[in-house]
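Have a look at the structure below, then the notes.
None of the figures in this text is laboratory data; all of them are computed from the coordinates on show. As the structure is a computational prediction, the values presented were derived from the model and not from experiment. Cβ atoms come from the backbone with ideal geometry, glycine included; neighbour counts cover every protein chain shown.
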Amino acid sequence: MKSENMPEAARQEWLAVLARANVDSLETAWADISPQPSIKHLRAPEIGMVMVQGRTGGTGGRFNVGEMTVSRCTLTIAPDQESMASDRLTGVGYVAGRNRRHAELMGIFDALCQCPKRGPRILKSLISSMKIEQQESRDADARKVAQTKVDFFTMARESGA
Amino acid sequence: MTATHIPSDAGFSDSVLSSQQTFRHVLTAMSHPGQAAGPLSMVSSPKSMNPTVAALCLTLCDEDAPIWLAGSLSCEAVRLYLSFHTGAPFTQRAGDASFAVTDDLVGLDFSTLNVGTTSYPDRSTTVIAQVDSLSGGPSVVLSGPGVNGERPCELPTLPPSFLIDWMERRHLFPCGIDLLFAAPTGVLALPRTVSIQEA
């Protein structure tokens with residue numbers, strides 16, 4: 001299949017952007033796509049739980065942080081009318097939370113991004129702008145938090161006090 | 001995840017309804033030995049696997065139910081399909097499997113399967129046998145739980161030693177092997193309790 005030739009890092013990047021994207025803006029972007037490809041669900045959008053694991057300080061032993069809800073979907077699209085069955089592109093969507101439509105849209109856009117014909121345009125217009133938006137909002141949060149940052153330190157007691 | 005881990009066949013279109021319906025058919029078949037139940041929900045499946053076997057696996061197998069594959073079902077396409085849709089692990093040893101899925105009854109040695117223990121007879125292997133038709137084999141008379149008196153019926157094509165093996169294993173009860181025949185038209189069960197006599 002096509003995605004074997006895709007540089008994995010590039011796909012990871014757009015998947016990360018799509019997973020954090022606003023559903024409404026994905027919905028709008030989807031409505032703008034024409035012609036719309038035909039979609040076949042391999043795994044219909046569904047909600048489930050995953051166990052999140054962490055390491056203290058990033059180095060300690062693994063422990064279970066807790067469960068979180070995740071929605072996922074796997075689908076294939078036919079990029080254009082005359083494409084053969086073997087040309088179908090597979091897209092996956094895994095998003096935090098219970099929005100099945102988000103997982104579905106993420107899958108659709110993942111598949112579209114892999115399309116040699118349509119992919120580059122979507123990456124250039126949609127993905128890169130969403131990436132900038134997400135980066136800006138992260139930066140804004142970071143700045144807001146930084147203003148109230150407190151540096152803790154231990155005061156040495158005066159002897160005899 | 002790359003596309004190489006994703007099969008080209010979809011699972012149930014409505015997983016809750018379809019799997020409940022399939023489970024109902026399995027219960028019906030199990031409680032009426034020798035009587036066909038179905039047809040099961042249609043589901044697209046890899047080439048070597050018929051849709052009934054696929055529906056049964058998608059309904060019954062999960063992360064805690066290891067699968068053992070044999071015959072023409074022991075192929076990469078089937079493995080990919082089942083692990084994507086069920087998450088079930090695969091085992092090389094038939095005795096470790098909750099479900100033995102095969103289309104090769106001749107090559108299946110029932111003594112390698114897990115019959116469960118007297119404390120946990122439910123931990124036995126259930127055989128899902130893919131067949132072309134639910135009839136065409138020996139004419140037999142079934143009796144035992146689920147059969148009012150005797151039930152004459154025709155079984156799918158079976159290896160010659162099957163009936164003798166089956167009757168020899170009956171003394172293992174409450175342990176034993178349950179068998180589900182899965183043809184495109186439906187499912188037929190031989191639970192461990194059933195007694196089979198040649199007609």
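Among A:27, B:63, which comes first, then next, by fewest other beta-carbon atoms within 10 Å?
Least to most surrounded, the residues fall as B:63, A:27.
Angle of helix B:15-31 to the longest C-alpha principal axis of chain B, folded into 0 to 90 degrees and rounded to 10: 10°. Semi-axes of the equivalent ellipsoid of the range B:121-199 are 19, 16, 12 Å, computed as sqrt(5λ) over the eigenvalues of the C-alpha gyration tensor in descending order. Within the shell of other residues whose beta carbon sits under 15 angstrom from the beta carbon of residue B:53, the net charge comes to -2, with Lys and Arg scored +1 and Asp and Glu -1. For chain A, the relative contact order is 22 percent, taking Cα pairs closer than 8 Å that sit 6 or more residues apart in sequence and dividing their mean separation by the residue count.
One quarter of the convex hull surface built on the alpha carbon atoms of the range A:24-63 amounts to 5.8 nm², the projected area averaged over directions. Against chain A, whose longest principal axis comes from its Cα atoms, helix A:8-20 is set at around 70 degrees. When A:109, B:162, A:63 are arranged by Cβ crowding within 10 Å, least crowded first, meaning fewest neighbours, the order is A:63, B:162, A:109. Residue B:124 sits among other residues whose Cβ lies under 9 Å from its own Cβ, and their net charge, with Lys and Arg +1 and Asp and Glu -1, is 0. Rounded to two decimals, what is Rg over Rh for the range A:18-150 when you use alpha-carbon atoms and the Kirkwood radius? Computed over Cα atoms, the ratio is 1.07.
Which whole-number percent is the relative contact order of the range B:11-198 (Cα, under 8 Å, 6+ apart)?
After rounding, I find 25 percent.
Legend: ranking of residues A:30, B:68 from fewest to most surrounding C-beta atoms inside 10 Å; resulting order A:30, B:68. Under the convention that each Lys and Arg Cβ holds +1 and each Asp and Glu Cβ holds -1, the size of the dipole of the range B:11-198 around its Cα centre is about 160 debye. Considering only beta bridges that DSSP places wholly inside chain B, some 50 percent are antiparallel. Rounded to the nearest 500, the 222 nm mean residue ellipticity of the protein assembly as shown from helices alone is -9500 deg cm²/dmol, with -39,500 (n - 2.57) taken per DSSP H run of at least 4 residues.
Taking chain B as a Gaussian network of alpha-carbon nodes connected by springs under 10 Å, the highest mean-square fluctuation of the residues B:49, B:30, B:167 belongs to B:167.
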